[in-house]
There are 2 protein chains.
Amino acid sequence: VTETIGDIGELALIERLKPFCAVDAIGDDAALMSVRSGHQLVVTTDVLVEGVHFSDRTTPPYSVGWRSAAANLSDLAAMGAEPMGITVGLGLPKQTPWSWVEGLYTGLSDCLCAHDAAIYGGDLCRASQLVVSITALGEVAPQRLIRRDAAAEGMTVVVTGAHGGSRAGLAVLLQEIEGDINYAQDWVRAHQMPVPRFDAIAQLRSLIGTSPMPAIAGMDSSDGLANALLQLCHSSGVGIEVFQNAIPLPEGLSNTVGVETAFDWALYGGEDFELVLCLPDDLANRLVGTGIVSAIGQTTSVHSGEVHLIRLNNTREPITHKSFTHKSFQHF
Amino acid sequence: VTETIGDIGELALIERLKPFCAVDAIGDDAALMSVRSGHQLVVTTDVLVEGVHFSDRTTPPYSVGWRSAAANLSDLAAMGAEPMGITVGLGLPKQTPWSWVEGLYTGLSDCLCAHDAAIYGGDLCRASQLVVSITALGEVAPQRLIRRDAAAEGMTVVVTGAHGGSRAGLAVLLQEIEGDINYAQDWVRAHQMPVPRFDAIAQLRSLIGTSPMPAIAGMDSSDGLANALLQLCHSSGVGIEVFQNAIPLPEGLSNTVGVETAFDWALYGGEDFELVLCLPDDLANRLVGTGIVSAIGQTTSVHSGEVHLIRLNNTREPITHKSFTHKSFQHF
C-alpha cells in the first residue's frame, strides 16, 4: 500500500519536510537570510506544472526536484550572481505518494547542496494537480552583474557545453529514438540532472582577476539556444551571426538522428541550461582557451537583422521569433 | 464574449502584466533588489488554491489579490519586518478570463502600494486549477526582530483589532447569516480586504523610541487566534491564560450569531490577520493606552498547561490543539 499525502496530513507532512530545510520555515514561518554587504539581492520565480513541465513517464520525482532547482540556479548563474537558497510552494493532489514528495525534496536538496545553497522553507496546499513554484534568491556585487542588454556590436558569442542533449534525453525516455546506450545515458542525464554553469562564471572571474569587469551580456539557454540568442539581440539592440559548424552538439547525436534534427534540437530543444555570453574578443579568446566555452559567432549591427545562422553550406538563414514561439507558447 | 488567457497567449499576457510590476521581471527575468545595510532579509511563501483558499462565490479576483498580498505582508509585520515586495507564481487554466487575472494583479498592487511594496516579477504557466504562489520579501534590523519563541512567563498578551470578522464576512457571502447591513459590510470587508498591521508595529517602535527593544514575542492570527496563542506557547515554552470577556469581537456580531458562535469564530475562524503579541507589562500598558491593541491575558508557567480560556462564567477551559486541527488540516 502506497502512503499518500492524504494519509499523512498537513502538519505531519510539514514535520517530515523540515529536515530538508536550512531553517524551520515550512508552513507559516518566515526565514531570515543575510545578503552580503555591497551585494544586491537577485530574485527569480519559476512555476512548474505536472503534464506541462514534467510527467512521471520521463521525470522521476528526484529529477523534478533537481531540474527545478537547477533551472532557478541557472538563472542566477546567468546574471553572475551567487546562489543563497530557494523557497518552495507546492500544490499537491491528496493521492500523491509520500515517496514522490520525498524524492522531489531530495532532488532539490542535492542540487542546491552542490552549489552551497539551501531550502529556506515554503508552503504547501492541496491541489488538483502537482504544481511546484520555486523562488530562488542570490546575491551579486553590482559591478559583477551580467545583463541581457549589455551586448554591443563586435563581441564574440560563446556557449558553455553542448546543446540538444536535454531534448535527446527526452526522446530516449519517450522511446522516440534508440541511440548507442552510452550516449543515451548521457542525454538522459542532461535532461534529468542539468548542471547550472557556475563553473564557467568562476572561470570568467578568475580570468578577469582584479581588473574591472568589462561589459558582458548573457543569459541561460533554458528556452533553447535560438531563444537565448534572440533575447540577447532584442534586449541589447544588436544582431548576432552564429556558425552552425561551431555549435557543439552532444557526442553521438548527429549519427543517431541526423545532422538536421540534431541542430534543430540544439537550437530549439530547450532545457539545456547552458550559458550564452557575449564578450569582448580578447576575453572570449582567453575563456575559449580554458576549454570551458566554445565561440559560436559574433554580434553584428542590428541593421543586419537579428539572429542569422551560417549553415554548413555557407547559406545565411535568419532565425526568427516564429521559429521558437511553438516553444514559448506551449504553456498555454 | 469573454477574453480568456488561452486567447491571449503567454507572451502577450506577460506584456499585459508588466505595467503591474516594479521591474520587467515576469517570465524569465530575475529582479534586483537592495536590502538596507544592517538589515536581514525575511522571506515567506504562501500558496493559495482555488476551491481551498478562495472561490468565485465569496472572493472576486481583486480580493484574491488583495488578501494574498495582505496575508504575506502580515507575516512580515508579525516579525517586525518592513515589506520590500513579492514575486507571483501563477498556475492558470486556459479558460481563465483576462479580467480575472487583471483583477488579481490590481488587488495585489493596491495592497502592496499601500505599504510601499511592489511586485518584483514572477512566472506563469497553464494549469488545471488556479494556483497563486506568493513569496514576500522584507527586511528587518536584527535587534528589532519579533520572534515566536521570545515569550517568557509574566508577560501581557495583546491583540490588534477584533477577531471573528473575516469568518463573519464569509458567512454573509455564503448567505449563512444575514446581519444588520452596516455591520455585514464591515465583516465582508474584513474578509475580502484585511489590512496587515504595520501600524501597530510602528506604534510599538514609537513607544520604544531609542531604548533597546525588550524581548517581544508575536505572530499573526491568520490561522485563527487560538492557533496563534498555541503556537506562541509551543515555540516559547510558556502557558497563556486569556479572558473571554477581554477578546474584542466585531461590532454587532454577538447580537447576530450569539455570544458562543461569535467567540468560536474569534478563536477558530481564522484569516483575521491581526497581530498577537506578548510584551513586558509596562510596554503592553503603554501600547494599550494608545488604543491600537487590547490586553487579552498573560503568559504563565508552561506547567499550568498551554492555552486556557477564562470563560464569562469564570470557568477555566483548555484550548487544545485538537480544537484547531480541523482548520489546519482542511488543506488536505
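Between copies, how far does the label point of B:Asp116 sit from its twins, in nm, shortest first, when each point is 7 Å from Cα along Cα→Cβ?
Inter-copy label distances (nm, one decimal, shortest first): 3.3.
To the nearest whole number, what is the average tally of beta carbon atoms from other chains within 10 Å of the beta carbons of peptide A:45-55?
6
Translational diffusion coefficient of the stretch A:129-288 at 25 °C, 0.890 mPa s, Stokes-Einstein with Kirkwood Rh over Cα pairs, in µm²/s as a whole number.
Once the numbers are plugged in, D ends up at 146 µm²/s.
Springs between alpha-carbon pairs under 10 angstrom, Gaussian network model over chain A: which of A:Arg167, A:Arg311, A:Arg144 fluctuates most?
Among A:Arg167, A:Arg311, A:Arg144, the largest mean-square fluctuation in the Gaussian network model of chain A belongs to A:Arg311.
What FRET efficiency do you get for B:Leu145 and A:Asp264 if R0 is 56 Å and r is their Cβ-Cβ distance, rounded to the nearest 0.05?
Efficiency computed from Cβ-Cβ geometry: 0.55.
In degrees from 0 to 90, rounded to the nearest 10, what is the angle of the helix A:198-208 Cα long axis to the longest principal axis of chain A?
Between helix and principal axis, roughly 50 degrees.
Any idea what log10 I(q)/I(0) is at q = 0.09, 0.10, 0.12, 0.15 Å⁻¹ for chain B, Debye with uniform C-alpha scatterers and no solvent?
-0.49, -0.61, -0.86, -1.25
If I take the Cα coordinates of the stretch A:201-287 and project them onto the principal axes, what are the three extents in Å, biggest first?
Projected onto its principal axes, the Cα set of the stretch A:201-287 covers 46, 28, 21 Å.
Over the Cα atoms of the protein assembly as shown, compute the convex hull volume and normalise it per residue, giving Å³.
Taking the convex hull of the Cα positions in the protein assembly as shown, it is 166 Å³ per residue.
Which of rounded, prolate, oblate describes the stretch B:124-185, given a ≥ b ≥ c as roots of the alpha-carbon gyration tensor eigenvalues and a/c under 1.5 marking rounded, otherwise prolate only if a/b is larger than b/c?
Judged from the Cα gyration tensor, the stretch B:124-185 comes out oblate (a/c at least 1.5, b/c at or above a/b).
Round to the nearest 10 and give me the degree value, 0 to 90, for the angle of helix B:181-192's Cα axis relative to the longest principal axis of chain B.
Approximately 70 degrees, to the nearest ten.
What FRET efficiency comes out for B:Asn245 versus A:Ile208 if R0 is 60 angstrom and r is the Cβ-Cβ distance? Round to the nearest 0.05.
For R0 = 60 Å, the calculated efficiency reads 0.30.
Accessible area per residue, 1.4 Å probe, Å², for chain A: what's the number?
On a per-residue basis, chain A sits at 38 Å².
Quickly work out the A:Lys18-to-B:Glu102 label distance, labels modelled 7 Å from Cα along the C-beta direction, and quote it in nm with one decimal.
4.6
Sorted from largest to smallest, which semi-axis lengths in Å does the alpha carbon gyration tensor of the stretch B:170-242 give for its equivalent ellipsoid, taking the root of 5 times each eigenvalue?
Value: 32, 19, 9 Å, ordered largest first.
I want to check the label-to-label distance for A:Cys113 and B:Ser304. Put each point 7 Å from Cα in the C-beta direction and report it in nm to one decimal.
Using points 7 Å along Cα→Cβ, the separation is 4.6 nm.
Inter-copy label distances at A:Leu174, 7 Å along the Cα→beta-carbon direction, one decimal in nm, shortest first?
Spacings between copies for this position, smallest first, are 4.4 nm.
How much net charge surrounds B:Leu76 when only the other residues with a Cβ under 11 Å from the Cβ of B:Leu76 are counted, with Lys and Arg +1 and Asp and Glu -1?
It works out to a net charge of -3.
Give me the net charge of A:Gly154's neighbourhood, meaning all other residues with Cβ under 12 Å from the Cβ of A:Gly154; Lys, Arg count +1, Asp, Glu -1.
Its environment carries a net charge of -4.
Quick check: from the Cα gyration tensor, does the stretch B:82-203 come out rounded (a/c under 1.5), prolate or oblate?
Oblate.
B:Pro97: net charge of surrounding residues, Cβ under 14 Å, Lys/Arg +1, Asp/Glu -1, itself excluded?
Taking every Cβ under 14 Å from that of B:Pro97, the sum is -3.
Put a point 7 Å out from Cα along the line to Cβ at B:Trp98; what are the distances to that point in the other copies, in nm, shortest first?
Those label-point separations list as 4.8 nm.
The values are calculated or read from the model by the stated rules, or taken from the named source; none is laboratory data. Keep in mind that this is a model prediction, so the values were computed, not measured. FYI the Cβ positions are ideal-geometry reconstructions off the backbone, even for glycines, and counts take in every protein chain you see. Please note that ligands, DNA and RNA were not included when accessible areas were found on the heavy atoms of the full protein model with its side chains. Shrake-Rupley method; radii C 1.70, N 1.55, O 1.52, S 1.80 Å.
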